[in-house]
Amino acid sequence: MTAVDTQAWRALLRQPVLSWRLSRSVWIAWGLLGGALLAFAAFGIGQDDWRAGILAAGFFLTAFVTACWLELLGSAIRQNQPALACLVPGQHRRIVTAVAAAWSLAALLVAGLFGLPFGHFGYVLLAAAAAFLFLAALQQWPWLLLVPLAVMIVDRFVPLVPGAGMRAVHATLGETGLTLAGLALLLGPAAFVQRRLLPRGGDRHLAWQRRYDARAQAMKEALALPGQEYAAAWRPSSWLQQPYLAGLRRLTERAGWARPPRNRAQALLFALRSASHPGAMLGALATAVAFVLAAGSRLGQGLDRDGLAGLSCVILVVTPLVTHVHAVLAALQRYRTEQALLRLTPAAPGSAAFNRQLGGALLARFGLLWLACVASASLSAAVLAPGVAAQGAVGISAALTLLLAPALLRNHAASRRLSPQVITLVIAAVVALSVLLRIVVVVWRDDMPWLPIAAIVVPAVWLTWRGWRRLPALPPAFPAGRLAQD
C-alpha cells in the first residue's frame, strides 16, 4: 500500500467520526458506553447475576455498534458521489471494501457479546449479519420496515417455517452448517444491496443520489432527535408529521383563532415544531402494541419474564415520556424567538394568565401521552408476562413517570438548555430504573405494590400542584423583551 492509498483510507475512515462530532452526537456514544458499564455493574454486583449483567450491557453495546454501522454507511453513501466514483482512482473500491469490512466486524462484535457468554455463536452471528444487512436495505427501501410485522401477523395464521422441518435441518447440518449456509445465502442479497446503495457513477447514479438526499432530509426532519433543528423546509409527505400538521391546519383556519381564551395557549405549542408533538410518539406506541399482539406470548418464550416485564415498562412508559419532556424543554429554549413573536399577537393569552394557560396546555399533552403509555404497557404486559407481577411493574413505572410533570411547570423565562451531561444522567437513571423494576417484580410477585406506588404518586401530585400554584408569580415565559437578546 502506497502513501497515497494510506492517506485515502485515512480520509475515508475519518469522515464518519468527523460527521458524528459535527452533529454534536458524541454524547450518545458516551451515554451508551456508560449505560453498558452501569448495567453490567448493577446486575452483576447489585444482584450477583453476571449473566443478566452481560445481557443488559450487550443491549447497550449493540445499540452503539448499530449507531456506528449506520453512521459509516451514511458516510459511505455521501462520499460515493457520482463524480467522485468516476474520477477518483480507487474511490469506489475503497468505499465498498470499507462497508463490507464494517458489516462483517459489526456482526462479529454482536455475536461475541451474546453468542460467546450464552452459547450459539453461529446463530447470533447469522442473525446479526442479517439484521445489519436489513438496516442497510432500509436506506434504499424504507417500506421494508413493515415486513417483519407483516411476517409475524401472517405466521400466526399460516406457519411460514414448519417446526418439524427446521428440527430436521438442524439435526442434519448442525449449528455450524446452518450458520455457513445462511451466511452464504446472505452474500447474494448483500451484493444486490451494495450495488443499489453504492453505484459506480453515471446518470442513473446521479438521479438515485438526488432521490436519496431528498428522502434522507425528509427522514431527518421527521425522525429528529428531541429539540434538534434542521435547516431545510418541512415536508408534509412525512407520515410522522401528519398529526402535527393536521392540528396546525385546524388551528390556522379562520374559526380556529376564535377560540375561548382558555384554549389560546395551544397555539404557542405549535411553534415548538413537530419534535415535541405527541402524535409521532402515539403512532410508535400503536405500532409497538400491534407488534406485541401479532407476536403473542411466543415473543416471551425462553426469556426471563420478570426482566421482560421491566424491560417492556422501560420501553413503553419511561422512554417515551422522558423523550417527550426533554423534547418540550429543549424546544422551549431553541425556538424561544418564535414564542416571543407569538406573544405579541392579538390572539396570545394575557400576561396575567399566560403561564397558567401554557402550563395547562403542556400538562394536557403530557397527560394524554402518559395515559397512552400506561395503556400500551398494561396490554403488552398482559400478553408477554401475564400476572400481578408484570402489572405491578407497570404501576411503579407509571408512578415514577408522574415525577416528570413538575419539570414542565418550571420558570421557563429563566431556564437554559439542557446540557449533554444531563442527558447522560437520564440514560443512567433509566438503566437504574430497569433494575428497580426487576426487584419490584420479584418482591411483589403475588400482590400489587400499592404502598410503593402511593409513596411515589403523592409527592408527584404535590410537586405538580406546587408548581401550578406558583406559575402566576413567575415572570411570563418568552417575554417580548428577550427578542433583543436572541
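General remarks:
- By the count of other C-beta atoms within 10 Å, a proxy for reagent exposure, Tyr212, Tyr244 are ordered fewest to most as Tyr212, Tyr244.
- Between Arg204 and Leu403, the FRET efficiency estimated from the beta carbon spacing at R0 = 60 angstrom works out to 0.65.
Any read-out appearing in this document is the output of simple, stated calculations on the displayed coordinates, not a laboratory observation. A quick note: this is a predicted structure, and the numbers were derived from the prediction, not measured. Heads up, the Cβs are rebuilt from the backbone with ideal geometry, glycines too, and the neighbour counts pull from every protein chain shown.
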